[in-house]
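The values are calculated or read from the model by the stated rules, or taken from the named source; none is laboratory data. From a predicted model like this one, the values you see are computed outputs, not experimental measurements. With ideal geometry, Cβ positions are generated from the backbone for all residues, glycine too; neighbour counts draw on all protein chains shown. The area values use the complete protein model at the heavy-atom level, side chains included, leaving out ligands, DNA and RNA. Shrake-Rupley method; radii C 1.70, N 1.55, O 1.52, S 1.80 Å.
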Amino acid sequence: MNLLTTQDPDRHYAVLIIGGGQAGLSISYYLKQEGIDHLVLEKNRIGHAWRNERWDTFCLVTPNWQCTLPGFPYNGDDPYGFMKKDDIVAYIDAFVASFQPPVQEGVAVTRLHRDADGVYRLETTQGNYSADQVVIAVGGYHLPVVPRVAEKLPAGIVQIHSSDYLNPQSLPAGEVLVVGTGQSGCQIAEDLHLAGRRVHLCVGDAPRVARTYRGKDVVEWLDKMKYYDLPVDRHPLGTGVREKTNHYVTGRDGGRDIDLRKFALEGMQLYGRFEGLDDGVASFGPGLAGYLDGADAVSESIKDSIDKFIEANGIAAPTEARYVPVWQPPADIPSSLDLQGSNISAVVWCVGFRTDFSWIEEAIFDGRGYPGHERGVTGAPGLYFLGLPWQYTWGSGRFSGIARDAQYLSEHIVAHRGRRQDAVGSARTTMSPSMSQAA
Ligand SMILES: Cc1cc2nc3c(=O)[nH]c(=O)nc-3n(C[C@H](O)[C@H](O)[C@H](O)COP(=O)(O)OP(=O)(O)OC[C@H]3O[C@@H](n4cnc5c(N)ncnc54)[C@H](O)[C@@H]3O)c2cc1C
């Protein structure tokens, strides 16, 4: 689908938006309402991450009612359910059809810099563009992390990153080692386990959350408790929360807990953290019991805060017995695994992603690759980020908070539009082309 009617790569835009996921499309929605000349540049297809970087049985972890794209909240018949991959893609496509954003697909921005006139210059795989203001909406999951030790895996074993995992049938017959227990690791381990594959799972310190408690989805309680309105600067962890692993839980089959202890009872082999690989033998750290206890403790502490909220507000809610661990790791949990000797045919690395903003030539980064910003507004005039995890609130990098952040940035862009045009325009009139090149 190409939504742009006229393509002119040399044209100057008031605003260019890089990335056609839910974030880039959401800001386009507001800019279009304001009548601001803009274009969304998308490297692949709109909604690419949902279309192409999720496995076949993927479904949302967040309930459908939290899908509140601007002017287009979820209006299906299952608000408390969890959309599957195809439904999510259809939701994005319907959002796009509802307001027809100007989008150019198949255009990757390879370099972004500001010239001496203050104009943003974008080099792309399809020519050059320029703009007064630029919104970078490329998500926060760019480079799949695979540990260097992966190079030492025996050649006959297939290895993939979670973003390339499709389904159990796509992996060769045999047992599977899944490394990592964030959202993706736990759900992929479950997907393989439900398909009858023998799974070996390296567990880390990711927290978990119960799906429901005292008659409601925990997300609904947290929403009532205004957790999703808590700005990052008022969070007890401050901006440190941006580095925390997400809590694991699933929306599969209508939603349920992910309890790794239950998986162990059903035959999944759990280990501590993946530590290394030598001569085809993987080694694991000793912390399994502590990681399982830690995940449960987080889940129970969330229930504690729900109890307090219910009590403080006099809410009538059914009582519910607390979680009792259904399995404890025995003392002789293996600390190593001979991969080929154990018939491991595949390894799925579920250890996350890194950001890659190396194509952005502006001195706005913190030395570790994270952009300095205040609610997405950077120190470079007219340059913005949108859709970063915990950019402003929990929902910033998710469906639930993107409209609020996009609206905020749109208002900022409109307010600064005159000033940016004046700055760029006066630089153009007071400097000849040769002077501006020399500056
Ligand atoms: C496994 C997983 C599960 C998730 N589950 C949920 C969930 O249940 N609920 C929820 O609300 N959120 C969830 N999220 C978080 C979030 O909603 C998604 O990551 C979502 O895709 C973010 O949208 P986005 O527009 O910010 O970024 P993306 O969807 O990543 O979109 C960025 C776009 O930018 C394009 N792009 C990148 N670089 C360039 C470039 N240089 N030039 C041009 N285009 C470029 C990409 O092709 C992409 O289409 C999940 C995330 C992951 C990874």
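General remarks:
- Only listed residue being in contact with a strand residue (DSSP E or B) (Cβ under 7 Å, 6 or more places away or on another chain), open to solvent by 30 Å² or more (accessible area, probe 1.4 Å) and within 13 Å of the ligand (Cβ to nearest atom), chosen from Gln183, Gln187: Gln183
- Matching residues, region 46-64, being assigned to a helix (DSSP H, G or I) and surrounded by fewer than 19 Cβ atoms within 10 Å (Cβ to Cβ): His48, Ala49, Arg51, Asn52
Every residue, every condition in (1) within 15 Å of Leu60 (Cα to Cα); (2) surrounded by fewer than 16 Cβ atoms within 10 Å (Cβ to Cβ); (3) of a type in the set (Val, Ile, Thr), yes or no:
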| position | (1), (2), (3) |
| --- | --- |
| His200 | no, no, no |
| Gly215 | no, yes, no |
| Val218 | yes, no, yes |
| Lys224 | no, yes, no |
| Tyr228 | no, no, no |
| His235 | no, no, no |
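- Close Cβ contacts (under 6 Å, 6 or more residues apart or on different chains) running from residues in region 69-83 that are within 19 Å of Gly20 (Cβ to Cβ) to residues that are open to solvent by 50 Å² or more (accessible area, probe 1.4 Å) and polar (S, T, N, Q) comprise Phe72/Ser98.
- Hey, Gly255 farther than 24 Å from Lys85 by Cβ and either open to solvent by 20 Å² or more (accessible area, probe 1.4 Å) or in contact (Cβ under 8 Å) with a residue 40 or more places away in the chain (or both) or not: no
- Exactly one residue among Leu177, Leu201, Leu192 is under 25 Å from Val281 (Cβ atoms) and either among the basic types (Lys, Arg) or assigned to a helix (DSSP H, G or I) (or both), and that residue is Leu192.
- Candidates are the residues of region 161-180 that are aliphatic (A, V, I, L, M) and surrounded by fewer than 18 Cβ atoms within 10 Å (Cβ to Cβ); the one that is farthest from Ile258 (Cα to Cα) is Ala173.
- Total residues in region 225-260, condition at positive phi and basic (Lys, Arg): 1
- Lys85 vs. criteria open to solvent by 20 Å² or more (accessible area, probe 1.4 Å), under 18 Å from the mean Cα position of the chain (by Cα) and more than 9 Å from the ligand (Cβ to nearest atom): yes
- In this structure, Gly76 does not satisfy being within 12 Å of the ligand (Cβ to nearest atom), surrounded by fewer than 20 Cβ atoms within 10 Å (Cβ to Cβ) and not in a strand (DSSP E or B).
- Members of region 115-153 that are outside any strand (DSSP E or B), surrounded by 17 or more Cβ atoms within 10 Å (Cβ to Cβ) and away from the ligand (no atom under 16 Å from the Cβ): Asp117, Gly118, Val119, Leu153
- Residue satisfying all of: in region 21-34; within 12 Å of Pro102 (Cβ to Cβ) and open to solvent by 30 Å² or more (accessible area, probe 1.4 Å); nearest to the ligand (Cβ to nearest atom) among these: Tyr29
- Selection status of Ala90, of a type in the set (A, V, I, L, M), more than 10 Å from the ligand (Cβ to nearest atom) and either open to solvent by 30 Å² or more (accessible area, probe 1.4 Å) or free of Cβ contacts under 8 Å to residues at least 24 places away in the same chain (or both): yes
- Condition met for His38 (touching an Asp or Glu at 6+ places or on another chain (Cβ under 7 Å), farther than 24 Å from Val219 by Cβ, more than 12 Å from the ligand (Cβ to nearest atom) and open to solvent by 10 Å² or more (accessible area, probe 1.4 Å)): no
- Residues (away from the ligand (no atom under 11 Å from the Cβ) and acidic (Asp, Glu)) located in region 93-114: Asp93
- Among all residues of region 406-418, there is at least one that is within 30 Å of Val145 (Cβ to Cβ), modelled with pLDDT of 90 or more and not hydroxyl-bearing (Ser, Thr, Tyr).
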